[in-house]
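Step one of this worksheet: look at the structure below.
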Amino acid sequence: MKSLLSGLLFCMIMFSSCDTLRNTSNTTGNVFSLNGKWRLISNTPENTLLGSEVTVAPFVSEGRFTLLANNTQCYRESDIKWKDIVRNDAGGFDINNLLSTCTGGVLEYKPAVITVVNNNEIKITGKNIAGGDNTQQWQRVR
């Protein structure tokens with residue numbers, strides 16, 4: 001019974017980690033993994049948080065801040081920046097993107113889309129805190 005429960009738990013973990021992996025035609029080997037560390041290189045129109053890093057760990061469908069730079073929006077280093085990461089039919093990922101924590105400590109998430117540019121670059125499109133369009137470019141940290 002104990003080994004059956006352990007096996008079931010392992011299978012659940014394996015299937016939940018698949019949301020950060022996907023087959024795509026614009027990457028070497030056609031398999032892309034969102035797992036790893038990502039650095040923000042462009043944030044339009046806000047131009048904030050440049051140089052900040054988010055880490056997506058295997059087996060979880062979220063990305064946490066692990067380094068903050070140009071932080072004028074009250075983020076904390078352990079905040080979950082991207083949560084509910086799910087593969088989409090367009091070859092990327094749908095996420096809930098943390099916008100700001102300056103609103104009385106309440107975390108506010110808005111839907112956004114991750115587009116895979118190549119193995120080492122992603123683009124996130126969504127809305128900013130004011131409801132305007134926002135585009136971010138992230139580069140994999142090696």
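Read-outs throughout are calculated quantities, based only on the coordinates presented, and are distinct from any laboratory measurement. Since the structure is predicted, the reported quantities are computational estimates derived from the model, not experimental observations. Ideal geometry is used to build each Cβ from the backbone, glycine not excepted, and the neighbour counts take in all protein chains shown.
Structure notes:
- A simple spin-label model places the labels of Thr55 and Asn119 2.2 nm from each other, with each point 7 Å out along Cα-to-Cβ.
- Theoretical gain in end-to-end length, Thr48 to Leu68 [0.36 nm per residue, Cα-Cα removed]: 6.2 nm
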